[in-house]
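Just so it is clear, none of the values below were taken in a lab; they were calculated from the coordinates. If you're wondering where the values come from, they're calculated on a predicted model, not measured in any experiment. Ideal geometry is used to build each Cβ from the backbone, glycine not excepted, and the neighbour counts take in all protein chains shown.
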Amino acid sequence: MNPPLLKLVVLRERLAVCRLDAKAPIPEWATGEAFLSISRTPDELSVICEDRFVPDGTRASRGWQGFKISWEFWFRLPCRWLNQILGFSPSRPMKPIMFLFEINN
């Protein structure tokens, strides 16, 4: 069985991945017009947003490029196919990745 064809849409905006203290409040600058992700674990508060919104001096990895997968049945895609499509292998460590899904049912 061949993997399904997927359409990858590259986001134009450069993103920043910010790591803040676990107990920090969500900062006011954590906003986004094209992309925003906020998650909290016991270890950290993570904010991924457009680079231009992150103030200088913030602990951040900048210049990331994002993309979205345009396919309505994404949840049926086996992980091995996704790893092949994205070029991951056991000898090549996986990069941080976040998926956003728009389902058209």
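What is the sum of charges, Lys and Arg at +1 and Asp and Glu at -1, for the other residues whose Cβ falls under 13 Å from the Cβ of residue 21?
+2
So, counting K/R as plus one and D/E as minus one, what does the shell of residues with Cβ under 13 Å around residue 40 add up to?
Overall, the nearby charge balance is -1.
Most exposed first by the Cβ proxy, i.e. fewest other Cβ within 10 Å, how do 15, 36 rank?
Starting with the residue having the fewest Cβ neighbours, the order is 36, 15.
Local charge sum around residue 59 (other residues, Cβ-Cβ under 13 Å, Lys/Arg +1, Asp/Glu -1)?
Taking every Cβ under 13 Å from that of residue 59, the sum is -1.
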